[in-house]
Amino acid sequence: MLFRLNPNSGVPIYLQLMEQIKHGIETGALRPGDQLPGIRKMAETLVMNPNTVAKAYRELEHEHVIEVRHGAGAFVAER
């Protein structure tokens, strides 16, 4: 899945990333069990700070949208 962020939109980047991941799940582009790119890989691809990606992933995990398996990565949560 391709993510497009707009740093000039006024919406924090981590929220944009969260919304795009949620949208991907809602539209079926991301399915339960699908692995998301690692934090570093996502940050490199989107040219952003890895801490920003980590924040988005933490928030999504807190909302039970994804689950982070330490040593394995982040996965779309089973609903």
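The values are calculated or read from the model by the stated rules, or taken from the named source; none is laboratory data. Model, not experiment: these values are computed from the prediction. Glycine also receives a Cβ, built like all others from the backbone with ideal geometry; neighbour counts cover every protein chain displayed.
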- Item | Matching residues in the range 25-59 - criterion: being in contact with a strand residue (DSSP E or B) (Cβ under 7 Å, 6 or more places away or on another chain) and under 14 Å from residue 1 (Cβ atoms) | 25, 30, 31, 34, 35, 36
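Got a sec? Which of 25, 39 is of a type outside the set (S, T, N, Q) and in contact with a helix residue (DSSP H, G or I) (Cβ under 8 Å, 6 or more places away or on another chain)? Before the answer, list the steps.
Numbers: 25 fails: in contact with a helix residue (DSSP H, G or I) (Cβ under 8 Å, 6 or more places away or on another chain).
None of the others qualify; the one that does is 39.
Out of 67, 26, 63, 59, report the one residue that is over 13 Å from the mean Cα position of the chain (by Cα) and among the charged types (D, E, K, R). Talk me through it step by step, then tell me what you get.
Values: 67 fails: over 13 Å from the mean Cα position of the chain (by Cα); 63 fails: over 13 Å from the mean Cα position of the chain (by Cα); 59 fails: over 13 Å from the mean Cα position of the chain (by Cα).
The unique qualifying residue is 26.
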- Report, by residue number, each residue of the range 1-44 that is among the hydroxyl-bearing types (Ser, Thr, Tyr) and at pLDDT 95 or above. 14, 27
